[in-house]
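The values are calculated or read from the model by the stated rules, or taken from the named source; none is laboratory data. Fair warning: this is a prediction, and the values are worked out from it, not measured in the lab. Note: ideal-geometry Cβ built from the backbone for every residue, glycine included; neighbour counts use all protein chains shown. When the accessible area is computed, the model is the full protein with side chains, heavy atoms only, and any ligands, DNA or RNA have been set aside. Shrake-Rupley method; radii C 1.70, N 1.55, O 1.52, S 1.80 Å.
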Amino acid sequence: MRGAAATRRPRSPGSARRRRGCSQATARARPGGGAAARRPPPHALHRTLGPAGTVVVPSFTPENSDTSRAYLDIVRGLSEEAGAAVRAAMPAFDPDVSPAPTMGALAELVRQAPDARRSGHPQTSFAGLGPAAARLLAGHRPDCHLGEDSPLARLYEADAQVLLLGTGFGRCTAFHLAEYRRPAPPRRLYRCVVASEGRRHWWEYEDIALDDSDFARLGEDFARARPEAVSTGRVGAAPSRLFPLRAAVDFAVGWITEHRAGSS
């Protein structure tokens, strides 16, 4: 997911510096720089929210899982032996040092900030800066990617704002919370490498079957249905959207229930 969320809503992305609040942000960059270098560093975003503001970004680590889309893309076409070598080289998740390279430059800047906090999920951790970061990121249950026991639910309770920074609704992680709130969501098994007592081992767990394949369509329908809720503008050179996380999730629950097969 790319974007940012704040508990108080500025009039547009470009006017964020006029207000204070708590923000959840995500932005991804193309490998090698480009737009990433022009995006504001995390402390600049934090300053726009004022001393009471908090910035939160996803710091996901699909690189340590053999059930992730990233792994399946890497091993497609490889021999069984080569696939086993990829799995053997996967590092165990460590919230203090594990990078989140696919989340982009902004997420990595937040994660690596000296005063940053990070939640403990081995696949879908979040990093944050600000006075509410510890509270928002606490209690991220390891068998709950993005549901009621994740920072997304805490951000929903905090009435945070989402800033999609240089990306579209197809990357909006906030919509995943709605997948947990639909009737009888499908479930599946996940596996990843974790560490305990200094030893690396594989851990398997069950959680909601996450699916972002229709998020772009969902987001456009949300923007059409709630035009007053979605502000557009630019943050630096990046085209951006700003909207309330709670409104987006509430809309997505109904939309997913109506549009996905198996929902009732």
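Data overview
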read-out	value
Residue-by-residue Karplus 3J(HN,Hα) for region 206-211, coefficients 6.51, -1.76, 1.60, Hz, glycine and proline x	10, 7, 4, 6, 6, 8
Under-5 Å amide H pairs with V162, H placed in peptide plane, nonlocal only	A6, F243, L245
Region 60-177, accessible surface, carbon-and-sulfur percent (1.4 angstrom probe)	54
HN-Hα J in Hz across region 148-154 - Karplus 6.51, -1.76, 1.60, θ = phi - 60°, x for Gly and Pro	5, 9, 10, x, 4, 5, 5
Cβ-based net charge around Y205, under 9 Å, with every Lys or Arg adding one and every Asp or Glu removing one	-3
Integer Hz, Karplus 6.51/-1.76/1.60 couplings in order for region 110-125, x for Gly and Pro	5, 4, 8, 4, x, 9, 6, 10, 9, 6, x, 5, x, 10, 10, 6
For region 108-148: rounded, prolate or oblate by the Cα gyration tensor [a/c cutoff 1.5]	oblate
Share of Cα-Cα pairs in region 40-188 lying beyond 24 Å, as whole percent	36
Candidates per trypsin sites (Lys or Arg not before Pro) in region 85-123, loop by DSSP, up to 16 other Cβ within 10 Å	none
Orientation-averaged projected area, Cα convex hull of region 156-264 (nm²)	9.3
Accessible solvent surface per residue of region 68-136, calculated while the other protein chains remain in place, 1.4 angstrom probe, Å²	51
Shape call, region 91-173: gyration tensor on alpha carbons, a/c limit 1.5	rounded
Mean Cβ neighbour count within 10 Å, used as a protection proxy, ranking 242-252, 128-138 highest first	242-252, 128-138
